[in-house]
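Notes follow the structure.
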Amino acid sequence: MPKYSSADPIALDRGFQALADATRRGVIAQLSLGEASIAELAEPYDMALPSFLQHVRVLESAGLVSTRKQGRVRRCRLETARLAELDGWITQYQQAWAARLDRLGNFLDTPDKKASRHEP
């Protein structure tokens with residue numbers, strides 16, 4: 001039996017909830033290319049800036065992005081540590097299921113020795 005993550009369930013909930021929205025996933029994708037201002041991040045979206053800022057706040061409260069003020073501009077950057085935690089949680093279950101499927105495949109590929117003894 002695999003050892004499952006002891007990651008903070010509340011942090012996982014916040015992270016996955018934040019990633020459940022297409023706009024926020026788009027922001028993550030943009031930030032994966034490097035730091036950007038709120039205005040740069042908001043540009044591709046057809047929404048008012050206050051609405052877009054709510055998305056940034058959700059990402060920030062989930063620990064997926066951080067913001068800082070640089071003069072009059074608020075800059076955002078991706079927090080890869082939190083993404084790595086979410087990825088680690090998913091990966092452990094992928095590995096567990098892959099191992100189960102491998103065992104099932106091996107079982108199905110093994111000839112049934114009892115059945116072959118009774119064949120004429």
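The values are calculated or read from the model by the stated rules, or taken from the named source; none is laboratory data. On a predicted model such as this, the values are computed, not experimentally measured, just so you know. Cβ placement follows ideal geometry from the backbone for every residue including glycine, while neighbour counts extend to all protein chains displayed.
Sub-9 Å Cβ pairs linking a first residue in segment 61-72 that is under 16 Å from Glu35 (Cβ atoms) and among the small types (Gly, Ala, Ser) to a second residue that is surrounded by fewer than 10 Cβ atoms within 10 Å (Cβ to Cβ) and modelled with pLDDT of 95 or more, at least 6 apart or interchain, number zero.
Applying the selection to segment 74-108, what residues are among the basic types (Lys, Arg), in a helix (DSSP H, G or I) and modelled with pLDDT of 90 or more?
First pass over segment 74-108, keeping only residues among the basic types (Lys, Arg): 74-75, 77, 82, 100, 103.
From the residues that got through so far, the ones that are in a helix (DSSP H, G or I) too are 82, 100, 103.
Scanning segment 74-108 gives a single hit, Arg82.
Among residues belonging to segment 42-73 that are basic (Lys, Arg) and in a strand (DSSP E or B), point out the one that is farthest from Gly26 (Cα to Cα). Checked segment 42-73; the qualifying residue farthest from Gly26 (Cα to Cα) is Lys69.
Taking the conditions exactly as written (crowded, with 17+ Cβ neighbours inside 10 Å and not charged (D, E, K, R)), does Val27 satisfy them or not? Talk me through it step by step, then tell me what you get.
Working: crowded, with 17+ Cβ neighbours inside 10 Å: yes; not charged (D, E, K, R): yes.
Yes: the conditions hold for Val27.
Quick check, is Ser66 surrounded by 13 or more Cβ atoms within 10 Å (Cβ to Cβ), modelled with pLDDT of 95 or more and among the polar types (S, T, N, Q)? When the stated conditions are applied, Ser66 passes them.
Please indicate, with yes or no, whether at least one residue in segment 39-62 is out of contact with any strand residue (DSSP E or B) (no Cβ under 8 Å at 6 or more places or on another chain), closer than 17 Å to Leu12 by Cβ and among the small types (Gly, Ala, Ser). Before the answer, list the steps.
Applying the first criterion (out of contact with any strand residue (DSSP E or B) (no Cβ under 8 Å at 6 or more places or on another chain)) to segment 39-62 yields 40, 42-55, 57-58, 61-62.
Remaining after also requiring closer than 17 Å to Leu12 by Cβ: 58, 61-62.
Add one more test, that the residue is among the small types (Gly, Ala, Ser), and what stays is 61-62.
Yes - at least one qualifying residue is present in segment 39-62.
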